[in-house]
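Structure first, commentary second.
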Amino acid sequence: MNNRILVDTNILIYSIDADSKFHKKSLEILLDPDKELYTTSKNISEFLVVLTRAKSVKISVTEALEILSELLTNINVLYPDKQTHLMFYELLKKYQPAGLRIHDFEIASISLANGIDTIATENRSDFKNIEEIKIFN
C-alpha cells in the first residue's frame, strides 16, 4: 500500500469533531507515523468554510486558522500549478462532471499531478468514479 495519502476535507473536519462517528478513524489516519500525508489548498479553503459557517458553534476565522495550523503540522499542502491544471482539464474531458462535482475533480487533479493516487475520505462517492484514484479506508 502506498504510504502517500491525500487527506480530504471531511477527514480534517471529523478529526476535530469529537461527536462524529468518524472522529477516531480520522485521528488514526492523521496520526499514523507510517503515512506521508498531503492535502490541497482547495481542501484548506473548504475546511475554513465549514468551520466558520457552523450555526451551532461560532468559530472565528482566527480560531479556525489556529486549528488548521495545528492540523497541518504533519500534513504537506499541495497547490495548483500548470501541471495540475492540465490534469484537471484531462479529468474534466474524460469524466464530464458538472456542478459541485468539479471541486472534487480539482482536488483529484492536484493529487494525481503530484504522484498521489490515494485519497483518505469518508465521502467515497466524491471520488469513486475516478478510476485513477484509490480510496483509503
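A few points about this structure:
- Between amide H atoms placed 1.01 Å from N, distances below 5 Å from Phe136 occur with Ile119, Ala120, Thr121, all of them 5 or more places distant or on a separate chain.
- Between the amide H of Arg4 and those of Glu36, distances stay under 5 Å, these residues lying 5 or more places away or on another chain, with hydrogens modeled in the peptide plane.
- Residues of type lysines that Lys42 reaches as a straight line, Cα spacing below 21 Å, ignoring anything fewer than 8 places off in the same chain: Lys82, Lys93, Lys128, Lys134
- Take the Cα of Leu72, step 7 Å toward its Cβ, do the same at Arg4, and the gap between the two points is 2.0 nm.
- From phi via Karplus (6.51, -1.76, 1.60), per-residue ³J(HN,Hα) for segment 70-77 in Hz, x at Gly/Pro: 5, 4, 7, 5, 10, 10, 7, 9
- Across segment 28-137, C-alpha contacts under 8 Å between residues 6 or more apart give a mean separation that, scaled by the residue count, equals a relative contact order of 23 percent.
- When every Cα-Cα distance of segment 73-137 is counted in 5 angstrom steps from zero, the calculated P(r) takes the values 3, 18, 31, 26, 16, 5, 1, 0 percent.
- Over all pairs of different C-alpha atoms in the chain, the reciprocal of the mean inverse distance, the Kirkwood hydrodynamic radius, equals 15.3 Å.
- Angle in degrees between helix 82-95 and the longest Cα principal axis of the chain, rounded to the nearest 10: 70
Every number in this text was worked out from the coordinates using simple rules, so none of it is lab data. Being a predicted model, the structure only gives us computed values, none of them experimental. Note that we place each Cβ from the backbone using ideal geometry, even for glycine, and neighbour counts take in every protein chain shown.
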